[in-house]
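Nothing in this text is a laboratory measurement; each read-out follows from the coordinates by a stated rule. Remember, it's a predicted structure, so these values are computed and weren't measured experimentally. Positions of Cβ are backbone-derived with ideal geometry, glycine not excepted, and every protein chain shown enters the neighbour counts.
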Amino acid sequence: MSNTHFDLFVVGGGINGTGIAADAAGRGLSVGLCEMNDLASATSSNSSKLIHGGLRYLEHYEFRLVKEALSEREVLLKIAPHIVTPMRFQMPHRPHLRPAFLIRLGLFLYDHLGKREALAGSKGVKYGPSSPLKNEITQGFEYSDCWVDDARLVVLNALSAQKHGAKILDRTRCISARRANGKWEIALQKQNSDEIINITANGLVNAAGPWVSSFIQTGLEQKAPYGIRMIKGSHIVVPRLYPESNSFIMQNEDKRIVFAIPYRDNYTLIGTTDEEYKGDPSKVAISQAETDYILSVANKHFKKQLTTEDVVWTYSGVRPLLEDESSDASAVTRDYTLHVADENGAAPLLSIFGGKITTYRKLALSAMEDLSKYYPTLGQPWTDKEILPGGDLNSSLADYATKLTHKFPFLSAQLAYRYANSYGTLCDLFLAGKTSIEGLGQNFGQDLYQAEVDYLVNHEWAHSAEDILWRRSKLGIEFTEAEVSTLKEYLTAK
């Protein structure tokens, strides 16, 4: 890699970094990307797993952001139908929190602000004795948004970037970058290595997420143009709370909302919180106060009462939001700001402040528009038309899963659906030629077979058991310590 030159180099392997790398590479630029850890190892794998317009952002008058996000739902359903799926959301009505007319107005805007083709509109719902909600909750509202496997969306964008010629350098830290002779001189260092890799680039993108400002200050030795406000969002996972397939969006007395979302067949994901965070973003974790808060909101709504003992897994992420001087953490804007600085019209640095996973593709479009004057031969926008790797199902997700069971009769319906919902047609790379379940190799537990593990290591930058169990798949929640140990031993021996 030493002495390699790129048109554009991206620092940060989250959703914004990989999205920009894919967009730029598809427009004809030579692109490199480095990520100091695993792809999607920070904020981008710790979201609420939703592609949504942001209904509550309407209360903060963020109409442009909501409109953009609403339109993006439809685009992502088309280009990533294997990992982005429609979901209905029900908001139980609690009159003392928000009047019905205000919710109806918000949902009317939600239905009409953005282009809506595949998703159904909103409607009122009534709850009877069989409802999982408490008896005093008798009515509510229902609308559409989407579910996404967030970490896989990042990996698919990295695969798309690579397909278009980009070089993806995982576990590689950018330790410094300096302008010299109208270009960037960049020093990289692989994890667990003393070797320094020196490269050059015409332009540099700072997509370091929670580290966006600190990278400017330490890696570039410059003053950051904006401050960021780190807002911690935590989630809990409990055994399935209700049998229905819809999610619930629950209002709370502090005007915040909390989601309850079906998760991996047997669980319910509940969150999120909004809490100021001042520590190291890599060490973020849920607090007992956050757990109690989430449980309290759920217990105000559902007949089945939860305690701390019901929590089978938690995760937390830090949203690197633009400092907007808001006194309320939940009111800090989720919109993004892009800042471009150059030196005598050359060597641009584009830094990303804020953003949300739903609008990553639009953010990348804006980034390329801001950089276009530095790249006169830049190609045209394309990411709304090309399906992300594995998404060429040519059928519904359910139908594709059924086709897998016909093509590979040894697959159970559950395993075929997981393959379809995680990899789409990419699963052909590890299923091709297999005629029996034994042909998939060692079973590490929970139907994670050697063929899938080898594919993830060889094609999707996976190195550790954590990469495989918590980001490439979500099987970690069901793996025993012994099964994790067996997987670690296999990976160490590879």
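Give me the Debye-computed log₁₀ of I(q)/I(0) at q = 0.24, 0.26 Å⁻¹ for the range 134-178, equal point scatterers on Cα only, no solvent, two decimals.
So the normalised log intensities are -0.97, -0.99.
With viscosity set to 1.567 mPa s at 4 °C, what whole-number translational diffusion coefficient in µm²/s follows for the range 9-52 from Stokes-Einstein and a Kirkwood radius over Cα pairs? Mind showing how you got there, number by number?
Numbers: Rh = 11.1 Å.
This corresponds to a translational diffusion coefficient of 116 µm²/s.
Quick one: Debye curve from the C-alpha atoms of the range 40-105, no solvent, what's log10 I(q)/I(0) at q = 0.17, 0.19, 0.22 Å⁻¹?
Per q value, in the given order, log10 I(q)/I(0) is -0.81, -0.95, -1.11.
Relative to a virtual label point 7 Å from the Cα of PHE101 in the Cα→beta-carbon direction, which members of the range 43-63 show backbone nitrogen distances below 18 Å?
59
Quote the charge dipole size of the range 6-72 about the Cα centre in Debye, to the nearest 20; the model charges only the Cβ of Lys and Arg (+1) and of Asp and Glu (-1). Intermediate results must be reported in sequence, preceding the final value.
Values: 5 positive and 8 negative charges, 34 e Å.
Its charge dipole is roughly 160 debye.
Using alpha carbon centroids, what distance separates the range 442-494 and the range 240-284, in Å?
26 Å
Could you give the length gained on full extension between VAL312 and TYR226, defined as 0.36 nm per residue of separation minus the Cα-Cα distance, in nm?
On the way: separation 86, 0.36 × 86 = 30.96 nm, distance 3.83 nm.
Using 0.36 nm per residue and subtracting the Cα-Cα distance, I get 27.1 nm.
Starting at the first residue of the range 394-402, write each ³J(HN,Hα) from the Karplus equation 6.51 cos²θ - 1.76 cosθ + 1.60 with θ = phi - 60°, in whole Hz, x for Gly and Pro.
Karplus values, whole Hz, x for Gly and Pro: 6, 5, 6, 4, 4, 5, 5, 4, 5.
Sequence-distant or interchain residues sharing an amide H contact under 5 Å with PHE141, placed H: which?
Amide H neighbours of PHE141, under 5 Å, 5+ apart: MET91, HIS93, VAL125.
Can you give me the convex hull volume of the Cα atoms of the chain, divided per residue and expressed in Å³? Please report the intermediate quantities before stating the final value.
Numbers: hull volume 74.9 nm³, N = 494.
Hull volume over Cα atoms, normalised by residue count, gives 152 Å³.
Rounded to the nearest 500 deg cm²/dmol, what is the calculated helix-only ellipticity per residue at 222 nm for the chain, with -39500 (n - 2.57) per DSSP H run of length n ≥ 4?
Numbers: 11 runs with 131 residues, N = 494.
Computed mean residue ellipticity for the chain: -8000 deg cm²/dmol.
Placing +1 on the Cβ of each Lys and Arg and -1 on the Cβ of each Asp and Glu in the chain, which of GLY424, SER234, THR43 has its Cα farthest towards the positive end of the resulting dipole?
Going by the Cα projections, it comes out as GLY424.
Counting only Cα, what are the radius of gyration and maximum Cα-Cα distance Dmax of the range 383-494, in Å?
14.2, 44
Return the long-range amide H neighbours of PHE6 (sequence gap of 5 or more, or a different chain), with a cut-off of under 5 Å between placed amide H atoms.
Here THR200, ALA201, ASN202 satisfy the definition.
Each residue of the range 349-354 in order: what ³J(HN,Hα) in whole Hz does its phi give by Karplus 6.51 cos²θ - 1.76 cosθ + 1.60, θ = phi - 60°, with x for Gly and Pro?
10, 10, 10, 10, 10, x
Working out 0.36 nm times the residue gap between ASN135 and ASP428, then minus their Cα-Cα distance, what length gain in nm do you get to one decimal? Before the final figure, lay out the partial values.
Details: separation 293, 0.36 × 293 = 105.48 nm, distance 4.83 nm.
Between ASN135 and ASP428, full extension yields 100.6 nm more.
For the range 312-432, what is Rg from Cα atoms divided by 2.2 N^0.38 Å, rounded to two decimals? Before the final figure, lay out the partial values.
Working: Rg = 21.1 Å, N = 121, 2.2 N^0.38 = 13.6 Å.
Scaled against compact globular proteins, the figure is 1.55.
Could you work out Rg/(2.2 N^0.38 Å) for the range 66-193, with Rg from alpha carbons only?
Details: Rg = 22.8 Å, N = 128, 2.2 N^0.38 = 13.9 Å.
Relative to the rule-of-thumb radius for its length, the range 66-193 sits at 1.64.
If I take R0 = 45 Å and measure r between the Cβ atoms of SER464 and GLU59 in this structure, what FRET efficiency does the formula 1/(1 + (r/R0)^6) give, to the nearest 0.05? Before the final figure, lay out each step's value.
Details: r = 41 Å, r/R0 = 0.92.
Efficiency at R0 = 45 Å is approximately 0.65.
Return one quarter of the surface area of the convex hull spanned by the alpha-carbon atoms of the range 167-325, equal to its mean projected area, in nm².
Mean orientational projected area (the range 167-325, Cα hull): 13.1 nm².
How far apart, in nanometres, would the label points at SER245 and ASP280 be if each is projected 7 angstrom from Cα along the Cα-to-Cβ direction?
So the label points at SER245 and ASP280 sit 4.4 nm apart.
For a quick protection proxy, order the peptides 274-280, 345-351 by their average other-Cβ count within 10 Å, most packed first.
Numbers: 274-280: 13.3, 345-351: 19.1.
Packing proxy ranking, top to bottom: 345-351, 274-280.
Just name one of MET368, ALA347, ASN252: the one whose Cα is farthest towards the positive end of the charge dipole of the chain (beta-carbon charges, Lys/Arg +1, Asp/Glu -1).
It is ASN252, whose Cα lies furthest towards the positive end.
Counting other Cβ atoms within 10 Å, which chymotrypsin sites (Phe, Trp or Tyr not before Pro) in the range 46-124 have at most 14 and lie in a DSSP loop? Write down the numbers at each step before the final one.
Details: sites: TYR57, TYR61, PHE63, PHE89, PHE101, PHE108, TYR110; in loops: TYR61.
Within the range 46-124, the qualifying chymotrypsin sites (Phe, Trp or Tyr not before Pro) (loop, at most 14 other Cβ atoms within 10 Å) are TYR61.
Just grab the label-to-label distance for ILE196 and MET1, each label 7 Å out from Cα along the Cβ direction, in nm (one decimal).
With each label placed 7 Å out from Cα toward Cβ, I get 1.5 nm.
So what are the radius of gyration and Dmax for the Cα set of the range 153-226, in Å?
13.4, 37
Give me the one-decimal nm value for the distance between modelled label points at SER296 and SER395, 7 Å along each residue's Cα-to-Cβ direction.
4.9 nm
For the range 113-153, list residues with backbone N below 15 Å from a point placed 7 Å from the Cα of ARG94 toward its Cβ?
Once the point is set 7 Å along Cα→Cβ of ARG94, 133-141 turn out to lie under 15 Å by backbone N, inside the range 113-153.
Compute the label zone of ALA341 within the range 216-231: residues whose backbone N is under 17 Å from the point 7 Å along Cα-to-Cβ.
216-228
Explain nothing, just the number: dipole magnitude of the chain about its Cα centre with +1 on each Lys and Arg Cβ and -1 on each Asp and Glu Cβ, in debye rounded to the nearest 20. Could the numbers behind the result be given before it?
Working: 53 positive and 58 negative charges, 197 e Å.
My answer is approximately 940 debye.
Residues with beta-carbon under 14 Å from that of PRO99, excluding PRO99: net charge, scoring Lys, Arg +1 and Asp, Glu -1?
Numbers: positive: ARG94, ARG98, ARG104, LYS255; negative: GLU59.
Residues close to PRO99 contribute a combined charge of +3.
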